[in-house]
Each structure stands twice: as structure tokens, then as C-alpha cells.
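Report on one structure; see the data block that follows.
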């Protein structure tokens, strides 16, 4: 996992972050730029997906899921434009359409509005506190101490 250094943590420029140089609180914020807290993943709720158009990826190029791929001149530029125009017709929206001080902009991340609204209504700060407190979670004490702020900044703070 990212806290233990098993997986890289990237900053907003998609460059690796040296977690050893950060305070425990700054580490949590760095990780949460692109990752959800245990028990609060919209993907794990089954309401959100990361999407791309495989047929638009140039031969030999690996998918990065980075914002530049979805820009107008990126490999998914046309796909991105299509999604912007049509997602709502199918009940989807982009919760991380732009950076709002929490999760980084993720143009590939879509959410089914009705299902996500229902799931998020079932999640509360109290529930998440219990989930984290009763499970083996890296940086548990730091996360629990920061949880009200993290909840507001990264979980409730979505684009609509």
C-alpha cells in the first residue's frame, strides 16, 4: 500500500512524492490526492468507474490515467468531449471533473448519480470512523485524528 511505500504516491504533476520527507499528516494528504480512505472508495461502493477508450490509445502506448490523456490533443480528447456531452444522458457525472482542494482532477472517473447518491447518503463520518478504528489500517491514528477534515475535503468535496 502507499503508506508503506509499496505503491508510488504521485503529486498533482504526476511526479513521485518522497513520503519520508513529509509529516504524517502531509503524507495522508499526499496519498489522498488520488486515493480514497479505506471504507470510503466510491469505486468499492460499485457506483464509480474509471473509463477510457482503448481504441484511441496509440499502439505501444500504455494507459497512464493522467489528465493530459484527456485533453483536447491527448489520445482520449475526442472521447472526453463525447463524455462531456453525453454522460448525463446515461445517469453519470464526473465527481472529480476539476480540482477543488481535495481529490485531483480525474476526467476518467465517472459516477452513476442515483447509485452514488444513495451510497453516499449511507456513509457518515461516524460510520467511517468505526470502520477505520476497527480494522488494520496503516496510519490509523493519524487518519482518525484528521478524519473530520479529510471527510470534508476528500469525500464530500465533489463536483456536481
The residue from 31, 110 that alone is touching a strand residue (DSSP E or B) at 6+ places or on another chain (Cβ under 9 Å) and at pLDDT 95 or above is 110
Residue hits (the stretch 30-40; without any contact (Cβ under 8 Å) to a residue 40 or more places away in the chain and either part of a loop (DSSP other than H, G, I, E, B) or surrounded by fewer than 17 Cβ atoms within 10 Å (Cβ to Cβ) (or both)) are 35
By residue number, the members of the stretch 14-27 that are closer than 26 Å to residue 63 by Cα, modelled with pLDDT of 90 or more, out of contact with any strand residue (DSSP E or B) (no Cβ under 7 Å at 6 or more places or on another chain) and surrounded by fewer than 15 Cβ atoms within 10 Å (Cβ to Cβ) are 15, 18
_Meets criteria (part of a loop (DSSP other than H, G, I, E, B), at pLDDT 95 or above and over 17 Å from the mean Cα position of the chain (by Cα)) for residue 75_ = yes
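From 104, 138, grab the single residue that is part of a loop (DSSP other than H, G, I, E, B), closer than 30 Å to residue 20 by Cβ and modelled with pLDDT under 95. Steps first, answer last, please.
Details: 104 fails: modelled with pLDDT under 95.
Going through 104, 138 in turn, just one is part of a loop (DSSP other than H, G, I, E, B), closer than 30 Å to residue 20 by Cβ and modelled with pLDDT under 95: 138.
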When you look at residue 49, is it at pLDDT below 95 and within 19 Å of residue 93 (Cα to Cα), yes or no?
no
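Looking at residue 160, is it modelled with pLDDT under 95, out of contact with any helix residue (DSSP H, G or I) (no Cβ under 6 Å at 6 or more places or on another chain) and either crowded, with 17+ Cβ neighbours inside 10 Å or part of a loop (DSSP other than H, G, I, E, B) (or both)?
Details: modelled with pLDDT under 95: yes; out of contact with any helix residue (DSSP H, G or I) (no Cβ under 6 Å at 6 or more places or on another chain): yes; either crowded, with 17+ Cβ neighbours inside 10 Å or part of a loop (DSSP other than H, G, I, E, B) (or both): yes.
Spelling it out, residue 160 is indeed modelled with pLDDT under 95, out of contact with any helix residue (DSSP H, G or I) (no Cβ under 6 Å at 6 or more places or on another chain) and either crowded, with 17+ Cβ neighbours inside 10 Å or part of a loop (DSSP other than H, G, I, E, B) (or both).
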Across the stretch 87-114, the tally of residues that are surrounded by fewer than 15 Cβ atoms within 10 Å (Cβ to Cβ) and under 18 Å from residue 47 (Cα atoms) stands at 5
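Given the residues 63, 87, 128, which is the only one that is assigned to a helix (DSSP H, G or I) and touching a helix residue (DSSP H, G or I) at 6+ places or on another chain (Cβ under 8 Å)?
On the way: 63 fails: assigned to a helix (DSSP H, G or I); 87 fails: touching a helix residue (DSSP H, G or I) at 6+ places or on another chain (Cβ under 8 Å).
From the options 63, 87, 128, the qualifying one is 128.
Suppose we keep only residues that are in contact (Cβ under 8 Å) with a residue 60 or more places away in the chain and touching a strand residue (DSSP E or B) at 6+ places or on another chain (Cβ under 8 Å) within the stretch 60-100. Which one would you say is farthest from residue 154 (Cα to Cα)? First the steps, then the outcome.
First, pick out the residues of the stretch 60-100 that are in contact (Cβ under 8 Å) with a residue 60 or more places away in the chain: 93-99.
Subsequent filtering for residues that are touching a strand residue (DSSP E or B) at 6+ places or on another chain (Cβ under 8 Å) retains 93-96.
Values: 93: 17, 94: 14, 95: 11, 96: 10 Å.
Filtering the stretch 60-100 for residues that are in contact (Cβ under 8 Å) with a residue 60 or more places away in the chain and touching a strand residue (DSSP E or B) at 6+ places or on another chain (Cβ under 8 Å), the one farthest from residue 154 (Cα to Cα) comes out as 93.
The values are calculated or read from the model by the stated rules, or taken from the named source; none is laboratory data. Everything numeric here is computed off the predicted structure, so don't read it as measured data. Please note: Cβ atoms are built from the backbone with ideal geometry, for glycine as well, and neighbour counts cover all protein chains shown.
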